[in-house]
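Structure first, commentary second.
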Amino acid sequence: MTAYKKIHIDSSIIAEYHTRNLSDLLAENTPLFIKTYGQGGLATSSIRGAGASHTMVTWNGININSPMLGQLDFSLIPVSFLDGAEVFCGAGSIRDYSGALGGSVNLINEPDWNNRLNLELSQEFGSYHSKNSHFSSAFGNSRFQSQTRFFYSAAENNFTFLNTEISQVPVIQERENASFIKSGLIQEFYIRPSSNHFLTARLWYQSNNRHLPEPMVVIPVYGNEKQNDHFLRSQINWKYYSRKVVVSTTTAWQYNFLNYSNRTAGIDSENRTQIITGRVDLSYDLFPELQLNSGVLGDYAYIWTENYLKPAEQKHFSVYFSAEKNIKQRLKINMMARQDIYHGELPPLIPSAGINLKLLKETDIHFKANISKNFHKPTLNDRYWYPGGNPDLNEEKGTSGELSLDYAGNSGGIFLYQTGVTAYRSKIDNWIQWQPGEYGYWEPANLKEVLSKGIESFLSCHVNLTGFSISIGTNWTYTSATNIKPSGSSDMSVDKQLVYVPEHQTNAHIKVKTGGFMIKYSYNYTGKRYISSDNSQFLPSYKLSDLSLSYAYKKGSNRAEINLFIGNVWDIDYQAIAYHPMPGRNYFLNIRYFFMKKASAKSEVRKKIRK
């Protein structure tokens, strides 16, 4: 365990969400707050009260945030394309990149070297003319693995809702202009020519076409607002392992195209982005109790858009160093530092330090503490958007610290449990905010100083009995995120909670398995969210529940599953974003087939003997 908070989502959880997107996975399994417009709509995150651009998303260690917006739409990431995910809250993200003032999310792909042949087909039909198709195939041996995955997702999204905004008498309406079509393909090759060399190549293409619905206070105009985008991401990685040294080199290239149109506003805008990234990481075990890590990273982004006066580019170089010292197997000390360079300019050095202390020798109870600094460069839109961009903006600067207490236990393999609580405090200076300018258009400025403090807690329990298992998990967060600096004499936002940051949030689930049957009940509570900076207006809290019922049948190498998912079981009427309705009770039926052939234990033993 490190001194920094890290949440790992393994392949067993990924499998339960294979037809859903990354926003659903994170909202129900982590303390992140996901701000979403609903199925197929934009979904962004807030970690510990920070903004969407303060969450860094990496794909196997490569940043995939948009350099224009500085953020990622979580609804565009299909969970079926992942083998795992990691969430770092606070300072833990510094080792990969700077800029994640809230935290970071790393999307993981990895091979199964025991796989010989794996085929998977999945088809789902659901409410609002929803269709989801998934296919994957993997084959190989102990030296080579190939994995191909494809998905297709579409929905009319024409649910009915109660419109309470357009008249004194509520009106039942059908949601219009909310349809979407998404499809994508990811190809992975893994080569292991020897036990200490590992070569990886990945290619990810995706197309996303969606209508953007109007708020419920606006009379809808069919096909008025659309967004079509597609991207191509590729990376090649080589790793070398020895007894004391691990070397990793990665080269990546990304291309993004986005077309946004709004007939009423007379907008038809195209944006193109290319990013080239290279990084080298080195890990060296100087002594059994001392590990040193260092690395260099460089990326170049070129942006062509009709919304800038001219094409823009961004050159970034970064170097980091970290040391991890173990003392008597009970105390671990972490030290990290990162230095970035942007266009030849040196931002502030980013330092971090933390400890992890095992309090009792025979009990798995850990006390963790860390403190760090960080900074976030203004996005390219902040600097170059026309009209309004400000190239003279200062970087946002953050300081943070946290204390954690984690406990894990195991009663003879029958009862396993983990629990923990974290208290944190962070301060972000020069927070960038867009506001109306003197010439009538919006402009960004370094206006706010935001103080965030809160508590995060989790509990996970698992009971294994003969032919029966039960799992329980829950996360609860309290977040106080307030502006402490007035932007003027009339600024009423001082000491008020930031907009769309709930103070209280909870997610929980209980899952029971027996034989091939599984039932899972999920619960999510989202507290009151203010929609005005002076906290005079707010959206009320809401409680959502989902139910999943499934049956799996296996014979030899073949396996079939059928799953019924019921979302919003109690048919709650709520809004996650002001004036954007969310669907009531909804149903999805999924049928899934697997063919799996693994390496036999005898063949693996024979290979080891020959070696």
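So the values come out like this:
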| read-out | value |
| --- | --- |
| Hits in region 145-179 (condition: surrounded by 15 or more Cβ atoms within 10 Å (Cβ to Cβ), small (Gly, Ala, Ser) and assigned to a loop (DSSP other than H, G, I, E, B)) | Ala178, Ser179 |
| Scan of region 538-571 for residues that are assigned to a loop (DSSP other than H, G, I, E, B) and loosely packed, with under 12 Cβ neighbours inside 10 Å, ordered by number | Pro540, Gly556, Trp570, Asp571 |
| Meets criteria (buried (at least 19 other Cβ atoms within 10 Å of the Cβ), within 28 Å of the chain's Cα centre (by Cα), at pLDDT 95 or above and not aliphatic (A, V, I, L, M)) for Ser136 | yes |
| Residue in region 19-36 that is in contact (Cβ under 8 Å) with a residue 60 or more places away in the chain, more than 17 Å from Asn109 (Cβ to Cβ), among the aromatic types (Phe, Trp, Tyr) and part of a loop (DSSP other than H, G, I, E, B) present | no |
| Qualifying residue in region 247-259 (condition: modelled with pLDDT under 95 and part of a strand (DSSP E or B)) | no |
| Among the candidates Tyr241, Tyr302, residue that is modelled with pLDDT under 95, more than 24 Å from the chain's Cα centre (by Cα) and surrounded by fewer than 16 Cβ atoms within 10 Å (Cβ to Cβ) | Tyr241 |
| Pair list, Cβ < 6 Å and 6+ apart or interchain, from region 416-429 residues that are touching a residue at least 40 places away in the same chain (Cβ under 8 Å) and aliphatic (A, V, I, L, M) to residues that are surrounded by 16 or more Cβ atoms within 10 Å (Cβ to Cβ) and assigned to a strand (DSSP E or B) | Leu416/His462; Ile428/Glu396; Ile428/Gly398; Ile428/Val450 |
| Number of the condition not met by Ser532 [criteria: (1) under 24 Å from the mean Cα position of the chain (by Cα); (2) not in a strand (DSSP E or B)] | (1) |
| Answer from Ile577, Ile572, Ile562, Ile531 - the residue that is more than 29 Å from Val217 (Cα to Cα) and of a type in the set (A, V, I, L, M, F, W, C) | Ile562 |
| Filter result for the condition that a residue is surrounded by fewer than 18 Cβ atoms within 10 Å (Cβ to Cβ), more than 30 Å from Gly409 (Cβ to Cβ) and not polar (S, T, N, Q), over Pro486, Pro502 | Pro486 |
| Residue that is nearest to Tyr300 (Cα to Cα), among those in region 258-269 that are surrounded by 15 or more Cβ atoms within 10 Å (Cβ to Cβ) and not polar (S, T, N, Q) | Leu258 |
| Count of residues meeting criterion [of a type outside the set (Phe, Trp, Tyr), out of contact with any Gly (no Cβ under 8 Å at 6 or more places or on another chain) and assigned to a loop (DSSP other than H, G, I, E, B)] in region 437-496 | 15 |
| Residue list for region 99-127, restricted to those being more than 16 Å from Phe151 (Cβ to Cβ), hydrophobic (A, V, I, L, M, F, W, C) and surrounded by 19 or more Cβ atoms within 10 Å (Cβ to Cβ) | Ala100, Leu101, Val105 |
| Residues within region 572-595 that are assigned to a strand (DSSP E or B) and without any contact (Cβ under 8 Å) to a residue 60 or more places away in the chain, tallied | 1 |
| Filter result for Lys511 (within 28 Å of the chain's Cα centre (by Cα), part of a strand (DSSP E or B) and among the basic types (Lys, Arg)) | yes |
| Residue that is in contact with a Leu (Cβ under 6 Å, 6 or more places away or on another chain), at pLDDT below 95 and either outside any loop (DSSP other than H, G, I, E, B) or buried (at least 19 other Cβ atoms within 10 Å of the Cβ) (or both), where the choices are Leu286, Leu292 | Leu286 |
| Strands (runs of 3 or more DSSP E) enclosed by region 318-427 - at least 2 residues per element that are out of contact with any Lys or Arg (no Cβ under 9 Å at 6 or more places or on another chain) and surrounded by 14 or more Cβ atoms within 10 Å (Cβ to Cβ) | 331-342, 363-376, 396-411 |
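Conditions tested, residue by residue: (1) in contact with a strand residue (DSSP E or B) (Cβ under 7 Å, 6 or more places away or on another chain); (2) under 25 Å from Leu359 (Cα atoms); (3) modelled with pLDDT of 95 or more; (4) among the small types (Gly, Ala, Ser).
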| residue | (1), (2), (3), (4) |
| --- | --- |
| Gly409 | yes, yes, no, yes |
| Thr422 | yes, yes, yes, no |
| Gln435 | yes, no, no, no |
| Ala445 | yes, no, no, yes |
| Leu451 | yes, no, yes, no |
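Matching residues to (1) more than 23 Å from the chain's Cα centre (by Cα); (2) under 30 Å from Arg116 (Cβ atoms):
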position	(1), (2)
Phe150	no, yes
Ile172	yes, no
Lys182	no, no
Asn208	no, no
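The values are calculated or read from the model by the stated rules, or taken from the named source; none is laboratory data. None of the values given here were measured: they were computed from a predicted structure. Here Cβ is always computed from backbone atoms with ideal geometry, including for glycine, and neighbour counts include all displayed protein chains.
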